[in-house]
Amino acid sequence: MIAALTGGQAGDNPMLATLVKALAEGGYDQDFRLLADKAYSHPSTRIFLRGRKIKHTIPEKSDQIARRKAKGSKGGRPPGFDSETYKQRNTIERSFSRVKQWPGLATRYDTHAVTVLGGFTLALATPTHRA
């Protein structure tokens, strides 16, 4: 498992490149499909993933669609998107929701990053009866 902790106000997208590079350096297989929400729809993210030959399923933001269409034929073609594959993303979201409900993390009394990351790791490794 590779995890990174950021400030609560920080977005997820800026950490994507760091985590993908950590996976590669850790010897993890790079042959996977990234399922991400619209927050990851930025063109620089798509360029980074294409450069690493990482398959991805990311929906386009409505303003990006409108901007591309406004350019007409110069706007290019829309990125590929498989809605059936995207439906699998809810499994990941439910897993994170379960972890965030773990009492050690849900109370948020601890402000030290090392203990929060430790609690997150422990919550992921601990079996639970909740789905």
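The values are calculated or read from the model by the stated rules, or taken from the named source; none is laboratory data. Given the structure is predicted, the values throughout are model-derived calculations rather than measurements. Glycine also receives a Cβ, built like all others from the backbone with ideal geometry; neighbour counts cover every protein chain displayed. Protein only, heavy atoms only, side chains kept; ligands, DNA and RNA dropped before computing areas. Shrake-Rupley method; radii C 1.70, N 1.55, O 1.52, S 1.80 Å.
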request  = Compare the Cα positions of Phe32, Ser62, Val99 along the charge dipole of the chain (+1 at Cβ of Lys, Arg; -1 at Cβ of Asp, Glu; about the Cα centre) and return the one farthest towards the positive end.
outcome  = Ser62
log₁₀ of I(q)/I(0) at q = 0.27 Å⁻¹ - the stretch 1-54, Debye sum with one point per alpha carbon = -1.30
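For the chain, what relative contact order do you get, as a whole percent, if you take Cα pairs closer than 8 Å and at least 6 residues apart? Don't skip to the end; give the middle numbers.
On the way: 82 pairs, mean separation 24.2, N = 131.
Reported relative contact order: 18 percent.
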query = With the chain treated as a Gaussian network of Cα nodes joined by springs under 10 Å, which of Arg94, Arg50, Arg67 yields the largest mean-square fluctuation?
reply = Arg67
ask   = Helix-derived [θ] at 222 nm for the chain: sum -39500 (n - 2.57) over DSSP H runs of at least 4, divide by residue count, nearest 500?
value = -14000 deg cm²/dmol
remark   = Sorted largest first, the C-alpha extents of the stretch 45-84 along its principal axes in whole angstrom are 29, 24, 14
Over the stretch 19-130: Kirkwood hydrodynamic radius from C-alpha pairwise inverse distances, Å = 17.0 Å
ask   = Which Cα, out of Gly8, Ala22, Pro43, lies furthest along the positive dipole direction of the stretch 7-66 (beta carbon charges, K/R +1, D/E -1)?
value = Pro43
Electrostatic dipole magnitude of the chain [Cβ: Lys, Arg +1; Asp, Glu -1; Cα centre; debye, to 20] = 700 debye
request  = Kindly report, to the nearest 10 Å², the accessible surface of Phe81 as traced by a 1.4 Å probe over protein heavy atoms only.
outcome  = 90 Å²
